Amino acid sequence: MLNGRQHTLAKEITLKSIGLHTGRKISMKVLPADADAGITFIRKNGENSFATKSAYDAVTATTLATTIGADGASVSTVEHLMSAFFGLGIDNAVVELTGPEVPIMDGSAQEFVALLKSVGLATQTRKKFLVVTAPVSVEEGDGSATLLPSDRFELTYSIDFAHPSIGKQSYHVIFSQENYEKEIAPARTFGFLHDVERLQAVGLALGGSLANAVVLDENKVINKEGLRFSNEFVRHKILDAIGDLSLLGTPIQGHLVAHKSGHRLNNLLLRELVARKNCWHLDG
């Protein structure tokens, strides 16, 4: 059975890095927040700003990244930072941005984790958990995502790419902060060279480079340093899934089993979970 208390940052952090899709330099500040406040994103635009709570029902787009927003304003590529928050047990924070997306950093959650740990955490009130009591599943095409009952939070993920450097990969992780930091946080996002060139031609992925993604040509990984794990691809999918599922706003006690899932299916799973009130209860 999960248990624990809420946390926020002990003090603020500030960073500046490029946005994956806009290619713009974006400044980001992460500040402490009160207990039960959740994660709030504030987009700064001169004297104007807007705020949006990170929530599964605030997701407005899932193509290439998870985007949240309201009233026509949005913040994109939130999944890696949200994954880092969840990995460290940070429940409450305010994220201020000068651009439309969270900086990509090195394409993983590793640098976010290091920065957040560098300022330490403040302990707050007791947290609640959503305990899955019966299976909840969604499917789309040949992809699927299911939450099963478990006495812990664990994830089993499988992918299948027709590429010699990826192929079929499967990975299972029992969530803990230690496991997250060692096994999941360093795994980088990945893409195919022909897709990057096509996206950049239409004004997307303008900040994408070998410094913030694993890039593959038709035959191999072209990053000189190679992979951080032999199965870095499926590990990154788990990193994304943790970030996407954290948008529920309440940690899950259950077992995610996903095959060829992605941001859209992860979000559809949360919406189905919330609708199926007979399949879970809150504890804590």
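Quick notes on this structure:
- Screening Gly249, Gly207, Gly254 for residues that are farther than 19 Å from Phe153 by Cβ and small (Gly, Ala, Ser) leaves exactly one candidate, Gly207.
- Residues that are of a type outside the set (Gly, Ala, Ser) and without any contact (Cβ under 8 Å) to a residue 12 or more places away in the chain, drawn from the range 219-252: Glu225
- Among residues of the range 263-280 that are farther than 17 Å from Asp240 by Cα and modelled with pLDDT of 95 or more, those with a Cβ under 9 angstrom from a residue that is aliphatic (A, V, I, L, M) and part of a helix (DSSP H, G or I), sequence gap 6+ or separate chain, pair up as Leu273/Leu248; Val274/Leu248; Cys279/Leu273; Trp280/Leu273; Trp280/Val274.
- Candidate set: the range 122-134, residues that are part of a loop (DSSP other than H, G, I, E, B) and not hydroxyl-bearing (Ser, Thr, Tyr); chosen: the one surrounded by the fewest Cβ atoms within 10 Å (Cβ to Cβ): Ala134
- Among the residues making up the range 173-196, those that are of a type in the set (Phe, Trp, Tyr) and over 23 Å from Gly89 (Cβ atoms) are Phe190, Phe192.
- Gln169 meets the conditions (1) farther than 21 Å from Met82 by Cβ; (2) out of contact with any Phe, Trp or Tyr (no Cβ under 8 Å at 6 or more places or on another chain); (3) at pLDDT 95 or above; (4) surrounded by 14 or more Cβ atoms within 10 Å (Cβ to Cβ) in every case but one. The failed one is (2).
- Test: residue in the range 104-121 that is assigned to a strand (DSSP E or B) and crowded, with 23+ Cβ neighbours inside 10 Å: no
- Restricting Asn179, Asn267 to residues that are assigned to a helix (DSSP H, G or I), within 20 Å of the chain's Cα centre (by Cα), outside the structural domain of Phe86 (by TED's automatic domain parsing) and surrounded by fewer than 18 Cβ atoms within 10 Å (Cβ to Cβ) narrows the list to Asn179.
- Within the range 194-230, the residues that satisfy the criterion of being farther than 24 Å from Glu101 by Cβ and either at pLDDT below 90 or surrounded by 15 or more Cβ atoms within 10 Å (Cβ to Cβ) (or both) are Val221, Leu227, Phe229.
- Which numbered condition Val257 misses (of (1) in a loop (DSSP other than H, G, I, E, B); (2) surrounded by fewer than 21 Cβ atoms within 10 Å (Cβ to Cβ)): (1)
- Condition check for Leu227: over 17 Å from Ser83 (Cβ atoms) and either assigned to a loop (DSSP other than H, G, I, E, B) or not assigned by TED's automatic domain parsing to the domain that holds His163 (or both): yes
- Per the listing Arg188, Arg235, the residue uniquely within 20 Å of Met82 (Cα to Cα), part of a helix (DSSP H, G or I) and either at pLDDT below 95 or not hydroxyl-bearing (Ser, Thr, Tyr) (or both) is Arg235.
- Residue ID - farthest from the chain's Cα centre (by Cα), chosen from residues in the range 202-242 that are closer than 13 Å to Ile184 by Cβ and hydrophobic (A, V, I, L, M, F, W, C): Phe229
The values are calculated or read from the model by the stated rules, or taken from the named source; none is laboratory data. Keep in mind the model is a prediction, meaning the values are calculated, not measured. Please note: Cβ atoms are built from the backbone with ideal geometry, for glycine as well, and neighbour counts cover all protein chains shown.
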